[in-house]
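The values are calculated or read from the model by the stated rules, or taken from the named source; none is laboratory data. Not measured: the values here are computed from a predicted model. Positions of Cβ are generated from backbone atoms using ideal geometry, with glycine treated the same way; all protein chains shown enter the neighbour counts. Accessible surface is based on the protein model in full, side chains and every heavy atom, while ligands, DNA and RNA are left aside. Shrake-Rupley method; radii C 1.70, N 1.55, O 1.52, S 1.80 Å.
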Amino acid sequence: MTIKLTEVWKTFGEGHTAVDALRDIDLDGPQGEFSVILGPSGSGKTTLLNLVGAIDDATRGDIEVAGVNLAALSVDEQVRYRRENVGFVFQFFNLIPTLTAAENVELVADLTSDNGADRAASVLEQVGLVDRMHHFPAELSGGEQQRVAIARALVKQPPILLCDEPTGELDFETGRMILDLLRRVSRESDQTVLLVTHNAAIGAMSDRVLRLRSGEIVEDTRNADPIDASALTW
Amino acid sequence: MVKPLQHKLWRDVRRHRAQFIAITLTMFLGVTIFGATYDSFQNLTASYETTATEYRFASLTVAGGDVEAFAQAAAIEPGVESAELRTSTDIPFRVDGTKLLGRAIGLPADDQPAVNQVEVLTGTYLDPAFPDGVLVEQHMADHFSLRPGSTMDVFDGTVWRTTTVVGTIASPEYIWTARDRQNIITTPDNFGVIFAAEQTVRELAATGPNEVVSYYAAGIENEELTASLSATARSLGATNVYTRAEQASNAALEEDLAGFEEMAIFFPIMFLLAAGMAAYVMISRLVHAQRPHIGVLLANGFTRRQVLRHYLGYGFIPGLIGSIPGAIAGVLLARLITRMYTELLAIPVTIVQFYPATLLGAVAFGLMASLLAALAPALVASRVLPAAAMRGESPSGGGRRSMLERMLPPVRKLPAAWKMALRGVWRNPRRTVYTVIGVVLSLMLVLVSWGMIDSIRHLMDRQFVQIQQEDATVYFTEPAAAADVADLVKVDGVARAEPSLTLPTSLEANGNHYDTALLVLADGSQLHRLDSIDDGWIDLPSAGVVLGKATRDLLAIEIGDPITLAVGGTAFVEPVAAFVDEPLGTMAYMARSRAESLSGVELPATSALIAYDEGVDPAELRNTITELPQVAAFEDANAIYDVMQRYMVLFYAFVGIMLTFGGAMAFALIFNAMSVNIAERTREVATLLAVGTDRRAISRYITAENIMVAAIGIPIGLIVGHYSAATALASFSSDLFSFDLFIEPTTYLWATLAILAVALISQIPGLRAIRRISIPQIVKERSA
């Protein structure tokens, strides 16, 4: 699923308090590409991700995903778009504490099909958590929680995976394992991945690196020979 | 408090204004009810006491026996300020063609009596030069529009005598126009009171004085003196001895006062408890959300005491804002209630006072409730570990399977979303418990007030439909023979007539006395049914006496025990055959054949119980019967029933107010719990929205969770409400009224639906807040 942003602006606030979080962004993201968006705090990385995920609206410009203009979607259509096309992985996992790992995944699986429990088990197996699937989030380590979050994002087999600082809360080893997992499962599913991070080293494992500064793309480089996530170091 | 912290406090209050308003409003209602009911209670108590003192309301009344000897004995008894002889007689009245049962009471012709004075409302006091002049008690005067100069007839046992109204009066004895303790409820059509010159009343009664009214020094109650005087009176053959507290009108009013006093405690406690819990839930959430800020404050040198004070402020503000206006509103409302009440009952003296202690007490109660609610979360705030708090780490509750899932395995197969709702119920057990308590309190409020309506309806049905089968009681001008009673059946429209003889009686057993009336009914009476507390509906036994159930405790007797009945100077002993459960009054019953066998003579009838034919016009029949010469008065049983039905309107208003208050209280609690519930899980809601769950589905899950919490509270609330209503009613039960709790099954259903409706409505603001959730902002936060 291709992603195309044309002259996209995002402004927060009005009048003299207005701040441009994104300025005149043009971007093409072909299907199956694993892109890393780098930049310092406040550069607009997460805002860009939110616009593609349709959890926020652009102030100006067009965002097309698989030919669909997101700006034209109603609230209900945005919900359907997210349900069918987007998987989110957040920095702070955002798991429901009263549901087990399996149930957190099943909750999202149920949105798109009936056999949610079976699919949840299958995806948890894919992320290596089958033996911990009946544990509650509070009983899991940070890495395990993030793997549950990835399983939750993957279970509805979305064509787009949006990851916002997925390793931000994890130690080095766990972070590298999570990146490896993301890279592997996205390749297997031919998913388009946008991964936001402030860690420049992660760019080496991606197909493409976008650098943002003050809301503008200042660098857009393709990586012809991405390294294996297990080889990353920072 | 440090100034910036004050700013923070006020800004936080503004930010969460809806929740703070809910707490403040509940606090306001609680304090207002306290002030209004407690001051009304104090005002009415003062009004009654002042009325009693100003009008020298008798401390002890003795009727029957050698009253002249008793008056002499009482007059020299230390502590008795005045003891006065008088005549009181129950005779028929006729006003504008309406015959009714009346009571004429003698007064000194030239001046107010020393005891039981009257307040002349219109016209003048009696004039010795005008012996046929009468003073009419205000309720009767109002009903028949009697004014000075009007005339009315009184029956002297032989002929109807025309009297002229010289004035209308209010009497401390008839603020509530009860005929006696067994006949608390009367209608102006059936019973009225006049006061006339003592000599005139003696002529009407054709007797000498038959009562002594005594007034103790300064009007103060004196139990020892009462015991001594009562013993003297009994030894002189008195048939009825009662204190001021036992006097029928006063006893009925005291019952009402007791109700005010109970309300002044019961309802405010409920509201303050609810407000306290709402405040606790709210402030706990604030402390939880502000842990990083608290960490920063402590890390920067704020003392734990300063933090404690700061968070106590969150309780202090709604407490103060709710309590002060609440206390003022309560005091003002009490004035209004007192005036309305004393006007409605026409109490001669209205005392409306300012009681600073109530005002201060109301504010203190309100503040105490809110500060206590804030104390626990404020202590938690003061004990926060700064380093952990600033890292954003907060103790997060781990998930666990719900009890329902553990007990019912099929529940485990539910979709994850519904399990989320199910487990959410016990996610924060303390908050759930408080919300459940809120539901329980609300149901208590509803059932206590609604239960009262159902019970009174049931009471009326029992008394006027199941027990009293007669349509009317006809009183004869003079004791009638059985043939006179039989003549009544010949009247077109009368289906049945039974003789009835009412005799003032003093019951005595185990050294205890109870003054009541002995009703001698026809053997196998079909018009007055007896509901035995042991055997259900029974026939009047051929031997023994049947007593109202209150006598069981009052006289410490059981079935089969001998009991002495003193009737008109004659005493006889008879075993107790049964105790009956009758809502109104506590009477004694005996079969006519047994009474005749004991007395050795054929007994007359003072009245007849009659039943109408189907489809007869009661008004027409009343006219026909009252025109009969032997008929002195006609008491329509349905008229009393109708009067009681009219009083029910007041109860409906009362229940309406209580339902509104109960709804407001439930709303405040559930609304706050709901708001906190949503605030606490904004990140989850935002995440669910981000992954593609629509808002309606999320609303459904949250609604389900809240309804489940309410559902936990409902059965508990129904049980607690039932027993609270029973306790409240039991406190009103006496020998005057026997209140047994009866709540219609539909009442439980409606109360349940009302609480569920409030639970649903109170979520609306919270659910609307979901629409305003900023998904990008929330999903990015460390702790939302």
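Couple of notes before you dig in:
- Being free of Cβ contacts under 8 Å to residues at least 40 places away in the same chain, closer than 17 Å to A:THR192 by Cβ and either small (Gly, Ala, Ser) or open to solvent by less than 10 Å² (accessible area, probe 1.4 Å) (or both) holds for only one residue in A:ALA18, A:ALA54, and it is A:ALA54.
- Residues considered: B:PRO292, B:PRO395. Of these, the only one that is surrounded by fewer than 17 Cβ atoms within 10 Å (Cβ to Cβ), at pLDDT below 90 and over 31 Å from the mean Cα position of the chain (by Cα) is B:PRO395.
- Residue in region B:707-725 that is of a type in the set (S, T, N, Q), within 14 Å of chain A (Cβ to nearest Cβ) and in contact (Cβ under 8 Å) with a residue 24 or more places away in the chain present: no
- Contact map, region B:762-776: first residue outside the structural domain of B:GLN19 (by TED's automatic domain parsing), second residue outside any helix (DSSP H, G or I), Cβ cut-off under 8 Å, separation 6 or more or different chains; pairs are B:ILE775/A:ILE55; B:ILE775/A:ASP56; B:PRO776/A:ILE55; B:PRO776/A:ASP56.
- Taking region A:104-128 as the range and being open to solvent by less than 10 Å² (accessible area, probe 1.4 Å) and more than 20 Å from the chain's Cα centre (by Cα) as the test, only A:GLY116 passes.
- Out of B:LEU459, B:LEU443, sole residue that is in contact (Cβ under 8 Å) with a residue 24 or more places away in the chain and surrounded by 23 or more Cβ atoms within 10 Å (Cβ to Cβ): B:LEU443
- Residue match in region B:267-287 (condition: open to solvent by less than 30 Å² (accessible area, probe 1.4 Å) and under 30 Å from B:THR564 (Cβ atoms)): no
- Enumerated strands (runs of 3 or more DSSP E) restricted to region A:154-234, each holding at least 1 residues that are of a type in the set (Ser, Thr, Tyr) and open to solvent by less than 10 Å² (accessible area, probe 1.4 Å): A:192-197
- None of B:VAL425, B:VAL384 is surrounded by 21 or more Cβ atoms within 10 Å (Cβ to Cβ), farther than 29 Å from B:PRO268 by Cβ and away from every other protein chain (no Cβ under 14 Å) except B:VAL384.
- B:ALA595 vs. criteria more than 29 Å from B:HIS458 (Cα to Cα), in a loop (DSSP other than H, G, I, E, B) and in contact (Cβ under 8 Å) with a residue 40 or more places away in the chain: no
- Failed criterion for B:ALA497 (all others in (1) surrounded by fewer than 22 Cβ atoms within 10 Å (Cβ to Cβ); (2) at negative phi; (3) away from every other protein chain (no Cβ under 14 Å); (4) modelled with pLDDT of 85 or more hold): (1)
- Cβ-Cβ under 6 Å pairs, at least 6 apart or on other chains, region A:86-108 side more than 7 Å from chain B (Cβ to nearest Cβ) and under 11 Å from A:GLN145 (Cβ atoms), far side open to solvent by 10 Å² or more (accessible area, probe 1.4 Å) and polar (S, T, N, Q): A:PHE93/A:GLN145; A:LEU95/A:GLN145
- Looking only at residues in region B:123-149 that are open to solvent by 30 Å² or more (accessible area, probe 1.4 Å) and under 33 Å from the mean Cα position of the chain (by Cα), the one that is farthest from B:VAL193 (Cα to Cα) is B:SER145.
- When region B:398-416 is limited to residues that are at pLDDT below 85 and small (Gly, Ala, Ser), the one that is most open to solvent (accessible area, probe 1.4 Å) turns out to be B:GLY398.
Yes or no, residue by residue, for (1) within 27 Å of B:ALA497 (Cβ to Cβ); (2) open to solvent by 60 Å² or more (accessible area, probe 1.4 Å); (3) touching a strand residue (DSSP E or B) at 6+ places or on another chain (Cβ under 6 Å); (4) among the charged types (D, E, K, R):
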| position | (1), (2), (3), (4) |
| --- | --- |
| B:HIS528 | yes, no, yes, no |
| B:ASP535 | no, yes, no, yes |
| B:ILE538 | yes, no, yes, no |
| B:VAL545 | yes, no, yes, no |
| B:ALA566 | no, no, yes, no |
| B:GLY569 | no, yes, no, no |
| B:GLU574 | yes, no, yes, yes |
| B:LEU584 | yes, no, no, no |
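- Once region B:410-419 is narrowed to residues that are facing chain A (nearest Cβ under 7 Å) and more than 16 Å from A:MET133 (Cβ to Cβ), the residue that is farthest from the chain's Cα centre (by Cα) is B:PRO415.
- Residue within region B:46-66 that is in a helix (DSSP H, G or I), under 23 Å from B:MET270 (Cβ atoms) and not hydroxyl-bearing (Ser, Thr, Tyr) present: no
- Close Cβ contacts (under 8 Å, 6 or more residues apart or on different chains) running from residues in region A:205-218 that are farther than 15 Å from A:LEU27 by Cα to residues that are open to solvent by 70 Å² or more (accessible area, probe 1.4 Å) and in a strand (DSSP E or B) comprise A:SER214/A:ARG23.
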